[in-house]
Amino acid sequence: MFDALADRAPFDADRTDTLLVGTLLTLATASAPVVGLLVLGYAVRTTRRRARGEGLPAFDDWRALAGDGVRAAAATSVLHLPAAAVVAVVGLDRMLRGASSLAYLSHYALSPDYGAVAAIAAVALLELVAGYLSVATLVGLARTGAVDARLPSVVAELVRDPRFGRAFGLTLAVGGGARLARLALATLPVVGEPLGAFVSFVGVVVAASVLASVVDGRDDRLASAAEALGRDGVDSDGYRSNA
């Protein structure tokens, strides 16, 4: 997997403009979360392009980019509904108090709120599963290019693939490291936030490159993307822009 990442060399060309735009978009998500759809769409596009052994894609065909982001958000948001339902039933305030109530574990008169503690554990487990399935869904979208009847079977195939499990673990490490770095850089005056956004965007690119190593079994649309570049109504990834 590390060899595959090295072979694809994501920053092998002069992509200063792409890195700048990606950093600005990542920075903008703090005040306008909807911009995150473009970053999410770029992650799908990067995974798709890197699977073909290409370099870092440019920010172009914004309509297709937003479409990938919307499709990815729609397909993954439902996976977080079980955890949200637990929080809604138990109550966020009770769960927060439940965590602090563990201090009463050895108290002779008081006891922890075991129901709230169990809810916290359930939410943590559900979110871990949702995260695993969400990343598999992103890879599935990079393979199929659409949210249709094929996607569930592709995701099911991925989650059983040991290669995807290893890729997910590495992606989790990259994302966690980028997040910690951004928090640390945020303490710097003036330049902290832009530098943190840059690190976060680079983390997205590296994670997408890792995930690209398990995008195989691609359908005819992805395999023939090079021939589709010159067709009317087809975007730069080989998919119809109005899909």
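The values are calculated or read from the model by the stated rules, or taken from the named source; none is laboratory data. Remember, it's a predicted structure, so these values are computed and weren't measured experimentally. Please note: Cβ atoms are built from the backbone with ideal geometry, for glycine as well, and neighbour counts cover all protein chains shown. Ligands, DNA and RNA are stripped out before the accessible areas are found, and what is left, the full protein with its side chains, is counted by its heavy atoms. Shrake-Rupley method; radii C 1.70, N 1.55, O 1.52, S 1.80 Å.
The modelled label-to-label distance between V87 and R52, using points 7 Å beyond Cα along the C-beta direction, is 3.8 nm.
For R160 and V191, calculate 0.36 nm times their separation in residues minus their Cα-Cα distance, and state this gained length in nm to one decimal. All intermediate terms of the calculation are to be shown ahead of the outcome.
Working: separation 31, 0.36 × 31 = 11.16 nm, distance 4.28 nm.
Full-extension gain reported as 6.9 nm.
Computed over the range 13-229, the P(r) curve from all C-alpha pair distances, binned at 10 Å from the origin, holds 8, 28, 31, 21, 9, 3, 1, 0 percent per bin. For the range 56-140, the Cα-based Rg and Dmax, in that order, read 19.1, 65 Å. May I ask you to list the trypsin sites (Lys or Arg not before Pro) in the range 110-179 that are in a DSSP loop and have at most 12 other Cβ atoms within 10 Å of their Cβ? Qualifying residues, ordered by number: R160. Using a simple spin-label model with pseudo-atoms 7 Å out from Cα toward Cβ, R150 and A32 lie 3.4 nm apart. Take the Cβ atoms of L105 and A66, set R0 to 35 Å, and the FRET efficiency comes out at 0.10.
Return one whole number: the accessible area per residue of the range 13-229 in Å², for a 1.4 Å probe. If you can, show how the numbers build up before the last one.
Working: 10690 Å² over 217 residues.
Accessible surface, normalised per residue, equals 49 Å².
Solvent-accessible area of the range 13-229 (1.4 angstrom probe, protein heavy atoms only): carbon and sulfur portion equals 70 percent.
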